Amino acid sequence: MDHFQYHEGVLHAENVPLPVIADAVGTPVYVYSEATLRRHARVFREALTPAGSTHFAFAVKSNPNLAVLRVLRDEGFGADVVSIGEARRALAAGIPAADIVFSGVGKTDAEMAEAVEAGIGQFNLESEEEGIELARIAAERGLTATAALRVNPDVDAGTHDKISTGKADNKFGVPFFAAKDIFSRLAGLPGLNLRGLAVHIGSQITNLDPSRAAFAKMGGLMADLRRDGFVITHMDLGGGLGVPYREGEMLPTPAEYGAMVADVTRDWRVTLMFEPGRVITGNSGVLVSQVVRVKRGANHPFIVVDAAMNDLARPAMYDAWHDVVAVAPTGSRTTANVVGPICESSDTFAKNREMDAVQTGDLVAFRTAGAYGATMANTYNSRPLVPEVLVSGDRYAVVANRIDPATILAAEQVPDWLK
Ligand code: LLP
């Protein structure tokens with residue numbers, strides 16, 4: 001359920017008609033619904049409550065906007081970050097350092113040092129080498145870094161190859177067969193409080209069986225480590241729950257996910273940690289764009305919109321589907337290709353799509369664009385960086401400005417020898 005609905009024939013974000021925002025801010029523009037963010041955060045939390053003691057760290061990468069982070073902080077979420085930049089954002093949003101989990105396969109010494117000094121709550125270690133480094137950095141400062149060991153369970157999440165992370169040949173975590181030995185070596189290091197294990201097998205997971213299998217494997221490893229005398233108090237089960245991208249698509253619900261987790265983990269006696277991203281933010285945002293023109297094609301017309309792959313990269317990168325709807329539909333339908341202005345064919349949002357008929361100047365909305373949308377935007381083709389707006393009831397505010405190409409040009413210079 002989200003709060004993007006048609007009222008009197010016009011698509012609204014909560015109580016604000018999208019054309020009002022498009023007129024005031026221009027297009028393309030991302031629009032988020034605060035009520036939807038809050039609803040998704042609560043639904044997810046409530047679904048996992050039966051599983052016992054829990055900690056929720058919002059995956060900042062899915063939507064790092066400061067205002068979005070503030071909403072999630074209000075909902076009691078910590079943050080899962082993968083760079084010091086994301087950690088600084090989470091802190092700037094008022095998320096306590098103790099509630100931040102630092103994931104990521106390439107944490108640098110400088111990042112770890114800053115994070116240790118800031119009192120980051122948990123480091124999810126991706127390798128033995130990283131654990132040794134972190135222990136040294138913390139010990140040198142007279143501090144102890146709290147950590148979990150990320151294990152690669154070698155389970156296929158059944159998602160797109162580019163967003164799968166739990167197969168043996170993916171770069172994430174330590175190999176399952178080596179995890180016990182690595183854990184025992186790291187557990188004794190001064191400067192490190194290794195308190196648990198972490199797993200994350202991929203994103204946009206649409207079937208619960210792979211997660212169940214991965215969690216069961218992790219439970220076995222935990223029991224094994226406990227038999228050897230290690231104390232495990234925290235198990236981080238990552239994020240990954242998928243969301244419907246097409247109207248009418250049926251996916252496992254947070255409640256079903258919660259029931260599965262409660263079942264697999266019922267004897268674990270730990271604090272369960274979660275790192276949801278997309279399931280909170282995905283359907284909380286749309287990308288609003290204006291039709292530049294409709295041009296004839298060999299088979300179907302091309303609807304050229306003013307958003308492009310630099311604003312919403314998912315279709316170009318993962319062949320991802322986003323529903324495209326008219327903001328003020330007339331009732332007539334068409335079959336068309338929806339494309340952006342960038343000079344490559346990957347700048348295609350929809351092919352041979354049966355959709356609302358639109359004309360030059362009309363507004364369209366790309367649905368389910370709140371996760372991995374603005375955060376992956378760039379300025380390819382010297383286009384502006386897309387702005388973001390947050391709606392709350394009757395109110396809206398620009399929460400990220402459009403960054404003009406001139407600002408980027410101003411950060412470039414011609415070296416002396418070319419002057
Ligand atoms: N935790 C870790 C360690 C992760 O790597 C990720 C996502 C998450 C949590 C959050 O996963 P979520 O709940 O959002 O599925 N750009 C891609 C998705 C990349 C996901 C990367 N990792 C896309 O647009 O589909």
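Counting every pair of alpha carbons in region 291-368, the share spaced more than 21 Å apart comes to 17 percent.
Computed extension gain for Asp267 through Val20, at 0.36 nm per residue and net of the alpha carbon distance, reaches 83.6 nm. Taking Cα centre as origin and charging only the Cβ of basic (Lys, Arg, +1) and acidic (Asp, Glu, -1) residues, the dipole magnitude of region 34-281 rounds to 420 debye. Kirkwood analysis of region 251-384, using all unique Cα-Cα pairs, places the hydrodynamic radius at 16.7 Å.
Do any GluC sites (Glu not before Pro) in region 238-314 lie in a DSSP loop with no more than 16 other beta carbon atoms within 10 Å, and if so, which?
Those satisfying the criteria are Glu247, Glu249.
The sum of -39500 (n - 2.57) across all DSSP H runs of n ≥ 4, divided by the residue count of the chain, sets its helix-only mean residue ellipticity at 222 nm to -8500 deg cm²/dmol. Where both bridge residues fall in region 34-281, DSSP classifies roughly 5% of the beta bridges as antiparallel.
Hey, fewest Cβ within 10 Å first, where do His40, His322, His7 land in order?
Exposure proxy ranking, most exposed first: His7, His322, His40.
By the beta-carbon count within 10 Å of each Cβ, the least crowded to most crowded order of Met309, Met112, fewest first, is Met112, Met309. Length gained on full extension, Thr233 to Leu409, computed as 0.36 nm times the residue gap minus the Cα-Cα distance: 58.3 nm.
Cross-link partners for Lys61 among the lysines, with Cα-Cα distance under 22 Å and sequence neighbours closer than 8 places in the same chain left out: Lys107, Lys162, Lys167, Lys171.
In terms of surrounding Cβ atoms within a 10 Å radius of their Cβ, Phe177, Phe58 rank from fewest to most as Phe177, Phe58. Annotation note: trypsin sites (Lys or Arg not before Pro) in region 273-363 located in DSSP loop regions with a Cβ neighbour count of at most 15 within 10 Å are Arg296.
Dividing the mean sequence gap of close Cα pairs (under 8 Å, 6+ apart) by how many residues the chain holds gives a relative contact order of 19 percent. Counting only the Cα atoms, the chain fills a convex hull of 162 Å³ per residue. Where both bridge residues fall in the chain, DSSP classifies roughly 50% of the beta bridges as antiparallel. Each residue, Ala298 and Asp416, gets one label point 7 Å from its Cα in the Cβ direction; the gap between the two is 5.5 nm.
Between Ala98 and Asp156, the modelled label-to-label distance comes to 4.4 nm, taking each label 7 Å out from Cα in the direction of the beta carbon.
Taken together, the values in this text are just the output of simple stated rules run on the coordinates, not laboratory data. Nothing here was measured: the structure is a model prediction, and the numbers come from that model. Cβ sites come from the backbone with ideal geometry, for glycine too, and all protein chains shown count toward neighbours.
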